[in-house]
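Down below is the structure, laid out as structure tokens.
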Amino acid sequence: MSIALTLAVAAGGLSLSAVTAQAAPGAPVQGPPFPYADCLKATADKGESRAQGKWHCDQLVKKGWVKPPKR
């Protein structure tokens with residue numbers, strides 16, 4: 001159960017960092033869904049491995065917070 005809570009907190013932190021990273025001064029704040037590439041970059045910046053970051057972003061895609069990757 002504590003793992004689920006940790007992931008929920010991490011997801012909230014990622015979404016907040018994605019909002020603040022994309023917001024330019026004077027520009028309207030962009031809301032979800034965020035680009036998949038930005039999610040991967042945010043997870044790498046937080047120190048997650050590539051596989052863990054991909055899993056984390058895939059979970060956020062399921063929740064509608066991140067756009068699915070283009071194939």
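Per this entry, residue 53 is not counted among residues that are at pLDDT below 75, open to solvent by less than 40 Å² (accessible area, probe 1.4 Å) and part of a helix (DSSP H, G or I).
Sort out which residues of the range 59-71 are touching a helix residue (DSSP H, G or I) at 6+ places or on another chain (Cβ under 9 Å) and either open to solvent by less than 80 Å² (accessible area, probe 1.4 Å) or in a helix (DSSP H, G or I) (or both), and write them in order of number.
Within the range 59-71, 59, 60, 61, 63, 66, 69 meet the criteria.
Return the pair list, or none, for Cβ contacts closer than 6 Å from residues in the range 33-48 that are surrounded by 14 or more Cβ atoms within 10 Å (Cβ to Cβ) to residues that are polar (S, T, N, Q), at least 6 apart or on different chains. Taking only residues 6 or more apart or on different chains, the pairs are 42/17.
The values are calculated or read from the model by the stated rules, or taken from the named source; none is laboratory data. Since the structure is predicted, the reported quantities are computational estimates derived from the model, not experimental observations. Counting neighbours? That spans all protein chains shown, and the Cβs are built from the backbone with ideal geometry, glycine included. Side chains included, ligands, DNA and RNA excluded: accessible areas come from the protein's heavy atoms. Shrake-Rupley method; radii C 1.70, N 1.55, O 1.52, S 1.80 Å.
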